[in-house]
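Chemist: A single structure is presented below for examination.
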Amino acid sequence: IKITETKLLARLSKRGKSFYIGSNGKLIEAEDVVTNLPYLFGDPNIEKFLSLKKIIDNSKLDYKDVENLFFFPSGRWDIETSTGVLIKLPIENIEKSLELSLNLLNKKKFGNIKSIDARPQNQVITYE
């Protein structure tokens with residue numbers, strides 16, 4: 001028997017029960033509350049979540065700074081950071097849109113941004 005420890009990546013609710021998503025792609029019923037994990041809203045396929053997690057890990061966004069993840073039936077994601085900024089991502093070209101959004105957030109003149117809408121093609125809309 002080989003036992004491999006999995007890392008907890010996010011919290012979510014399904015059918016009135018609390019679960020964690022493990023790095024192994026499994027849902028683990030939550031017995032204790034781990035509050036330093038992002039909360040996942042919606043009902044994504046676990047592989048889609050793991051794909052988004054990989055995109056975040058390859059970006060300038062530290063996964064520890066992700067407060068909430070929102071999955072929509074269309075297959076689109078929103079990311080809310082621990083500073084309260086909401087990044088609305090498109091269905092395609094997520095990597096490029098996330099990179100552009102993070103570059104904006106790192107500029108001082110855009111310090112008051114509360115929301116970034118990266119869904120429109122070839123443009124980004126910011127809200128203060």
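Chemist: Limited to segment 103-126, what total is found for residues that are surrounded by fewer than 16 Cβ atoms within 10 Å (Cβ to Cβ) and among the aliphatic types (A, V, I, L, M)?
Modeler: Selection size over segment 103-126: 1.
Chemist: So, restricting to strands (runs of 3 or more DSSP E) that lie completely within segment 1-119, which ones have at least 3 residues that are among the hydrophobic types (A, V, I, L, M, F, W, C)? If you could, list the steps in order and put the result at the bottom.
Modeler: On the way: elements: 8-14, 17-22, 27-29, 39-41, 66-71, 77-81, 86-88, 115-117.
Strands (runs of 3 or more DSSP E) meeting the threshold: 8-14, 66-71.
Chemist: To continue, here is another question. Taking segment 47-98, which residues are closer than 15 Å to Ser23 by Cα and surrounded by 15 or more Cβ atoms within 10 Å (Cβ to Cβ)?
Modeler: Result: Phe49, Leu50, Leu52, Lys53, Ile55, Ile56.
Chemist: Same structure, new question: With respect to the numbered conditions (1) out of contact with any Asp or Glu (no Cβ under 9 Å at 6 or more places or on another chain); (2) more than 13 Å from Leu12 (Cα to Cα), which one is the sole condition not fulfilled by Leu27?
Modeler: Exception for Leu27: condition (2).
Where a number appears in this text, it was derived from the coordinates with a stated rule and is not lab data. Just so it is clear, the model here is predicted, and its values are computed rather than measured. Note: ideal-geometry Cβ built from the backbone for every residue, glycine included; neighbour counts use all protein chains shown.
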